Structures are given as structure tokens and as C-alpha cells.
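For reference, the structure is listed below as C-alpha cells.
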Amino acid sequence: MIIDKQREKENNFLSITEKDKLESQISEMRKVCSEVILITNHPKLYLPFIGNSIRIITEFYKGKGVIGHIYTAFSLAKESFVWLVERDAFIISPEAAEFCVYVQTTQQLEAIIPVRNGEKSPSHGVYRICHFSILDELVKKKDVRIQDFLNYIHYEELDENFFIQ
């Protein structure tokens with residue numbers, strides 16, 4: 001699932017660079033994903049050039065940040081694992097995502113989250129669909145942080161360089 005978390009305000013257009021990056025992400029994700037979904041609060045912005053090639057949906061709980069994105073992704077997932085990718089990520093690696101699923105399966109992990117400059121980047125990781133009831137409770141709270149969810153799951157951190165080609 002591709003998360004459009006950076007787009008605070010809707011512009012009437014996407015730059016050629018933004019379109020190219022998104023099309024590249026979709027192409028790379030299709031190599032290992034049975035379905036690619038764009039989570040955005042501005043679907044009309046993407047419809048003219050994406051059309052119906054992927055599903056475009058809005059967050060179920062707006063303003064909840066990464067928790068809202070994960071909740072939406074878990075709600076729509078048809079598979080056991082979800083690969084979250086930030087829309088503005090320049091390069092992504094399907095091979096790294098597949099490896100993360102393998103590691104999660106063999107080590108009974110519920111997520112592998114990249115670390116960027118010493119900080120966790122949970123909006124760009126691979127998650128096993130788990131603990132949805134806890135996530136459901138958390139997303140309904142007024143003040144919720146991603147760490148609240150991470151405290152409930154067994155995950156490993158991985159340097160972000162592993163996730164790029």
C-alpha cells in the first residue's frame with residue numbers, strides 16, 4: 001500500500017516527477033504484491049493518470065497519522081502481510097519486502113520497520129496483519145501515537161538502506 005502522507009493540501013495537479021515516482025512505485029510493488037492500493041485524502045488528484053489500475057482510497061480515520069494509515073491498510077488487506085511505502089520514497093525494493101516477509105514468518109515477527117537516521121519509520125515497513133482489535137481501540141483515541149501500537153507487537157528494526165535497491 002502506498003501512503004500519501006505528505007500531501008497536506010490538494011493541488012490541482014501533480015508534477016511529472018511525482019507522477020513518474022508513483023508509477024515506478026506501483027510497478028515495483030506489483031512484482032511482489034497481489035494488490036496495490038494508494039491511501040490518500042485527495043483521490044481526485046490521482047484518478048486522471050492512474051485511472052482504475054489500482055484502488056485509491058481515503059483514510060478511515062483522518063488526522064491519526066501512521067496509526068490511521070496502518071488501520072486503513074489492515075482493514076483492506078486481502079493478504080496476511082502489508083508492505084507500506086511512503087509515496088515520496090524515491091527507490092523501493094520488492095526483494096527487501098519479500099525478505100522481510102520471510103524473516104517475519106521464520107522468526108514470528110509482526111513487523112519489520114526501517115530505521116532512518118536513528119528514528120523508526122513505521123510508515124514504510126512490512127507488517128503482518130495482527131492485533132486488529134488493539135489497533136481499532138487505539139485509532140479511536142484522541143491522542144494516539146504509533147509507539148502505542150508498536151508496544152503491542154513483536155517487531156524488528158532494520159536500517160533503511162536495506163529497503164532500497
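The values are calculated or read from the model by the stated rules, or taken from the named source; none is laboratory data. Predicted, not measured: the structure shown is a model, and the values here were computed from it. Don't worry about glycine lacking a Cβ; one is built from the backbone with ideal geometry, like all the others, and counts go over all protein chains shown. Just so you know, the surface numbers come from the protein's heavy atoms only, side chains and all, with ligands and any DNA or RNA stripped out. Shrake-Rupley method; radii C 1.70, N 1.55, O 1.52, S 1.80 Å.
Here r is the Cβ-Cβ distance between K62 and T106 and R0 is 35 Å; the resulting FRET efficiency, rounded to 0.05, is 0.45. If the limit is 27 Å between Cα atoms, which of K44/K78; K21/K142; K21/K78 go over it? With Cα atoms farther than 27 Å apart: K21/K142.
Note that the chain presents 53 Å² accessible area per residue, ligands and nucleic acids not counted, probe 1.4 Å. Each helix, a run of at least 4 DSSP H residues, gives -39500 (n - 2.57); summed and divided by the residues of the chain, these come to -11000 deg cm²/dmol at 222 nm. Put simply, the C-alpha atoms of the range 36-82 give a gyration tensor, and the ellipsoid matching it has half-axes of 19, 15, 6 Å, longest first.
Could you please state how large a percent of the accessible area of the range 39-83 is carbon and sulfur, counting protein chains only and using a 1.4 Å probe? C and S atoms contribute 51 percent here.
Here T17 sits with roughly 90 square angstrom of accessible surface, probe radius 1.4 Å. Of the residues S75, S123, the one with the largest accessible area comes first in the ranking S75, S123, computed with a 1.4 Å probe on protein heavy atoms. Each pair of Cα atoms in the chain enters the Kirkwood radius, and Stokes-Einstein at 25 °C and 0.890 mPa s then converts it into a translational diffusion coefficient of 152 µm²/s.
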